[in-house]
Amino acid sequence: MLDPAKRYTGYTAYEYLEPGTDYREFAYAAQLGRVPAYTGLDLTTEQAERARRLLETEKVISLHEHVQVFPEDMGQLREHIRQGREPTGYEGLSRSGLTAVFDNGMDGTCCISSDAGWKYQDVLFDLGVRMADLAHQDFVVKGETLADIEEAHATGRIAHVFALEAATMIEN
């Protein structure tokens, strides 16, 4: 596992809000150590060191992720989604080695106001709330251009590119 990125300050999603007042508090699944560590390929020491060096020094972009953290008790998932405050996993991202991540958001679980999911208003709400949270810290930055990704790399940050997997939100 990589060490936390030097720029990561320990920020957790929505820490600027008051739990119990601004949102319902849930116990979240651990971002680190929740599942057995990936043992990887059978690499030589030299190959493993090279992989670590590449992750730490080169631009690494993941084109399809979901970087939210889910409740520890998945039986609470629907209640959690309904409040529209899915937290970004900043701690996990800090150890990812990524330069940029294309985050496909709530995907088919975006059911804030409708059981049908991915309504236009829900997608806009989700994007707005998550971008507002992003603005309260400075490790993960909103990525909109190649220059944003290059700037993130130069400053030890991660560019977060908000993406959507489908056009479902155009009224199903």
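Would you check if I149 is assigned to a loop (DSSP other than H, G, I, E, B) and among the β-branched types (V, I, T)? Steps first, answer last, please.
Values: assigned to a loop (DSSP other than H, G, I, E, B): no; among the β-branched types (V, I, T): yes.
When the stated conditions are applied, I149 does not pass them.
Please find, among R95, R78, the residue that is part of a loop (DSSP other than H, G, I, E, B) and open to solvent by 10 Å² or more (accessible area, probe 1.4 Å). Give the steps one after another, and end with the answer.
Values: R78 fails: part of a loop (DSSP other than H, G, I, E, B).
The unique qualifying residue is R95.
Could you say which residue among G84, G108, G117 is open to solvent by 30 Å² or more (accessible area, probe 1.4 Å) and either at pLDDT below 95 or outside any loop (DSSP other than H, G, I, E, B) (or both)? First the steps, then the outcome.
Values: G84 fails: open to solvent by 30 Å² or more (accessible area, probe 1.4 Å); G117 fails: open to solvent by 30 Å² or more (accessible area, probe 1.4 Å).
Exactly one residue qualifies, and that residue is G108.
Looking only at the stretch 126-135, decide whether some residue is more than 17 Å from the chain's Cα centre (by Cα), assigned to a helix (DSSP H, G or I) and at pLDDT below 95.
No: zero hits.
Taking interchain pairs and intrachain pairs at least six residues apart, which have beta carbon atoms under 6 angstrom, with the first residue in the stretch 114-128 and under 14 Å from I170 (Cβ atoms) and the second assigned to a helix (DSSP H, G or I)?
Filtered contacts from the stretch 114-128: G117/G108.
Cβ-Cβ under 8 Å, sequence separation 6+ or interchain: first residue in the stretch 11-25 and within 28 Å of R95 (Cβ to Cβ), partner assigned to a loop (DSSP other than H, G, I, E, B) and of a type in the set (V, I, T). Which pairs?
What qualifies is A13/V69.
Tell me which of these V35 doesn't satisfy, since it passes every other one: (1) in contact (Cβ under 8 Å) with a residue 24 or more places away in the chain; (2) open to solvent by 60 Å² or more (accessible area, probe 1.4 Å); (3) within 18 Å of the chain's Cα centre (by Cα).
Of the numbered conditions (1) in contact (Cβ under 8 Å) with a residue 24 or more places away in the chain; (2) open to solvent by 60 Å² or more (accessible area, probe 1.4 Å); (3) within 18 Å of the chain's Cα centre (by Cα), the odd one out for V35 is (1).
The values are calculated or read from the model by the stated rules, or taken from the named source; none is laboratory data. This one's a predicted model, so the numbers in the text were calculated from it and none came from an experiment. Backbone-built Cβ (ideal geometry, glycine too); neighbour counts: all protein chains shown. Note: accessible area is taken over every heavy atom of the protein model, side chains too, but ligands, DNA and RNA are not part of it. Shrake-Rupley method; radii C 1.70, N 1.55, O 1.52, S 1.80 Å.
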